[in-house]
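For reference, the structure is listed below as structure tokens.
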Amino acid sequence: MKKLTLTVGSLLFAIAAYSQNVFTNNQTSTSGGSNTVTTISQTISGGVGNTGELNQTADGDGSTNTAGITQTSTGDQNTAKVTQVAKASADNTATIDQNSAGATATIDQNTDSDGSSNTATITQAPTSGQGTTATLNQKSHTAGVNTGTITQEGNTETATLNQDATHNGSNTAEITQKDANLGSTASVTQNATDFSSNTATVLQQADAQGNVLLTQTSTGMGSSNMANVTQNGGSYQASANITQDAKSASSNEATVVQNGWFETVTVNQTADGQGSSNKALVDQNTPGGANSMASITQNAIGGGANEATIAQASTHGSMATIKQVADMAGDPNIASISQANDEHMAYISQMGVGNKASISQLEGPSHEATIKQEGMGNNAQIGQAGINQSGKVTQTGNENFAYLTQLAEGNMGEITQTGNSNSASLEQLGSFNTATFTQNGDGNSIFATQNGGGNSFTSTQTGNNNSFSITQNGN
């Protein structure tokens, strides 16, 4: 057994202003040995910062690589890099701490044996200035565990975290960016194969233009992708983009919470295989917020399931879109949009199989809502409450059912159904009213209620069991 240990906790590099500390160390251990650099501590007053680099390779059961770099500077542009390779059941652990503006930190960790683990932490908290960059790359072998954490404070921060786990392994990523006035970017890419899991958490507390990019891929029964993104602190123009791909009976789950103005969320999920699933929740409930946009697209293939919810309350001028596609019986589609305040737009599209959809809009003028459905289970409901509502439901095949309620003022309506069990209901209850029904084929039925206001009504029923009912009370 060979053990290499470099303990530099008490070794302090102190250089005058405008000079630079440079430290490089290479370590290799074999036959179950360990490499340890407990701390490299570099301090500089003013100047262009510190440079520290550690390279470690451990080979053998029970071997370890442990490294830490701490850089302190009243200047800027500290640079730190740790590279660790663990072979034959060895483990890697690395930590970088920096407090200067313009700091750059990189950790690369690689294990090639069963049950090995990578653990890394990067902390960047400049006392003044901006522009820190952190990159963390982790790759583990069978049943390996990757755990990465990046914490940044200041303006224009950039964090990138990449993880790859195989066969019963796991990836866990956490990025926190706080006290930022402008332009933080967080990027996470995770790949879990053969019964492995991905978990990513991103927290941005920024005044403006926070950006999150998150991509997860999982393969194998019981594998999973889980993403949680929170952007708050009164953010302006925050954006979150999540892409999840679950294959072979694995699952996707994404939650995004935003608290600000002119925010954008895009979630794309694909679930492939019997028992796989997509689940997404977007919460843009900002008191006094405005002009938020949310889009969820879900594709369930070969027996997968979709479920999506967008909540936009206490905001002004929001837009929500949910699109769901499933290709086999037993693939339930469930979609829900809830909006409050004024000037909202909502759109839901479902193309087979279980279907269900709901849109609810409350308060304020200029509402619009659209639901389109195509095959099998079908169901649809639109709510809406004063003032300039619109509505619209289109259903095409199989069990069908639609319900549309609009309360006082502009009103409009419109329900179109084409085949099979059919049914429809429309209540408008006051103000300018107008309604259009079209049904073609099979069970058919229609109900309408318009009370008070301009009233108007058009109905077309074509084949099969037909039925009809209407109540109008004009001014």
Selected residue (criterion: farthest from residue 461 (Cα to Cα)) from residues of the range 387-410 that are touching a strand residue (DSSP E or B) at 6+ places or on another chain (Cβ under 8 Å) and among the polar types (S, T, N, Q): 389
The range 122-152: number of residues that are of a type outside the set (Val, Ile, Thr) and assigned to a strand (DSSP E or B): 12
Given (1) in contact with a Leu (Cβ under 6 Å, 6 or more places away or on another chain); (2) under 22 Å from residue 339 (Cα atoms); (3) modelled with pLDDT under 80, index of the condition residue 451 fails: (2)
Selection from the range 89-121 of residues that are in a loop (DSSP other than H, G, I, E, B), among the small types (Gly, Ala, Ser) and touching a strand residue (DSSP E or B) at 6+ places or on another chain (Cβ under 7 Å): 90, 100, 102, 103, 113, 116
Some residue of the range 296-314 being under 20 Å from residue 280 (Cα atoms), modelled with pLDDT of 80 or more and in contact with a Phe, Trp or Tyr (Cβ under 9 Å, 6 or more places away or on another chain): no
Selection count where residues are part of a strand (DSSP E or B) and farther than 21 Å from residue 451 by Cβ, scope the range 364-407: 5
Yes/no for residue 131 being under 26 Å from the mean Cα position of the chain (by Cα) and buried (at least 21 other Cβ atoms within 10 Å of the Cβ): no
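Rundown of residues vs (1) more than 22 Å from residue 361 (Cβ to Cβ); (2) among the polar types (S, T, N, Q); (3) in contact with a helix residue (DSSP H, G or I) (Cβ under 9 Å, 6 or more places away or on another chain); (4) modelled with pLDDT under 80, yes/no style:
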{"site": "409", "(1), (2), (3), (4)": "no, no, no, yes"}
{"site": "421", "(1), (2), (3), (4)": "yes, yes, no, no"}
{"site": "428", "(1), (2), (3), (4)": "no, yes, no, yes"}
{"site": "465", "(1), (2), (3), (4)": "yes, yes, no, no"}
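Quick grid of which residues meet (1) of a type in the set (Val, Ile, Thr); (2) at pLDDT 90 or above; (3) under 15 Å from the mean Cα position of the chain (by Cα); (4) under 20 Å from residue 163 (Cα atoms):
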{"position": "206", "(1), (2), (3), (4)": "no, no, no, no"}
{"position": "236", "(1), (2), (3), (4)": "no, no, no, no"}
{"position": "239", "(1), (2), (3), (4)": "no, yes, yes, no"}
{"position": "249", "(1), (2), (3), (4)": "no, no, no, no"}
{"position": "253", "(1), (2), (3), (4)": "no, yes, yes, yes"}
{"position": "265", "(1), (2), (3), (4)": "yes, yes, yes, no"}
Leading residue by the ranking (farthest from residue 168 (Cα to Cα)) among those in the range 87-119 that are among the aliphatic types (A, V, I, L, M) and at pLDDT below 85: 101
All positions within the range 153-164 that are more than 20 Å from the chain's Cα centre (by Cα) and either farther than 29 Å from residue 99 by Cα or assigned to a strand (DSSP E or B) (or both): 153, 155
Number of positions in the range 200-223 that are crowded, with 22+ Cβ neighbours inside 10 Å and part of a strand (DSSP E or B): 8
Residue list for the range 145-191, restricted to those being under 14 Å from residue 214 (Cβ atoms) and surrounded by fewer than 24 Cβ atoms within 10 Å (Cβ to Cβ): 160, 162, 172, 174, 185, 187, 189, 191
Positions within the range 62-79 being more than 27 Å from residue 113 (Cβ to Cβ) and either at pLDDT 85 or above or surrounded by 22 or more Cβ atoms within 10 Å (Cβ to Cβ) (or both), in sequence order: 70, 71, 73, 78, 79
Number of the condition not met by residue 387 [criteria: (1) within 30 Å of residue 317 (Cα to Cα); (2) of a type in the set (A, V, I, L, M, F, W, C); (3) in contact with a Phe, Trp or Tyr (Cβ under 9 Å, 6 or more places away or on another chain)]: (3)
So residue 274, is it at pLDDT below 85 and of a type outside the set (Gly, Ala, Ser): yes
Subset of the range 172-199 (residues that are assigned to a strand (DSSP E or B) and more than 19 Å from residue 153 (Cα to Cα)): 172, 189, 190, 191, 192, 193, 197, 198, 199
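The values are calculated or read from the model by the stated rules, or taken from the named source; none is laboratory data. Only a predicted model underlies this, so the values are computations on that prediction, with no experimental measurement involved. When we count neighbours, we look across all protein chains shown, and the Cβ atoms used for this are built from the backbone with ideal geometry, even at glycine.
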